[in-house]
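Remarks on the structure that follows.
The values are calculated or read from the model by the stated rules, or taken from the named source; none is laboratory data. Everything numeric in this text was worked out from a predicted model, so none of it was measured. For neighbour counting, all protein chains shown are included, and Cβ atoms are generated from backbone atoms with ideal geometry for every residue, glycine included. The area values use the complete protein model at the heavy-atom level, side chains included, leaving out ligands, DNA and RNA. Shrake-Rupley method; radii C 1.70, N 1.55, O 1.52, S 1.80 Å.
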Amino acid sequence: MTEPAAEHAGTGGGTARPEENVEYRVAHLRDRLAAEELGELGVRAEIRAGAVVVSGTVPSAQCRETLLRTVDEALAGLAVHTDVVVAENASPDHAEELS
């Protein structure tokens, strides 16, 4: 006989409260970000006012796209707000003029 909790694990079914599911998914996202290539980034994922806020700074547009794709996969169906900035680390294209 199958236990109901095992039958609905990860689907949001059973007796789990919706906010517990969100907290679990955000914790899973944090673990995933720490374990994958994005682990060195200063990116935070927090639950605020019923939505998940993902914020931080990444070194390139490619890293930002990878991060957003990972967030979409992990938090599909949830309200997510992102504030992820790309750090400009390229050399200046012209000399700075001082007055």
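Odds and ends about this structure:
- Applying a DSSP loop filter and a limit of 10 other Cβ atoms within 10 Å to the GluC sites (Glu not before Pro) in the range 27-88 leaves Glu88.
- With a Förster radius of 30 Å applied to the beta-carbon distance between Ala90 and Ala34, the computed FRET efficiency rounds to 0.65.
- Taking amide H as placed 1.01 Å from N in the peptide plane, Val86 has its amide H under 5 Å from the amide H of Val58, each at least 5 places away in sequence or on another chain.
- Accessible solvent surface per residue of the range 21-99, calculated while the other protein chains remain in place, 1.4 angstrom probe, Å²: 70
- Close amide H pairs (under 5 Å, H built 1.01 Å from N) link Val80 with Val52, residues at least 5 positions away or on another chain.
- Converting phi to 3J(HN,Hα) with the Karplus coefficients 6.51, -1.76 and 1.60 and the offset θ = phi - 60°, the range 29-37 yields 4, 4, 4, 5, 5, 5, 8, 8, 4 Hz in sequence order, with x at every glycine or proline.
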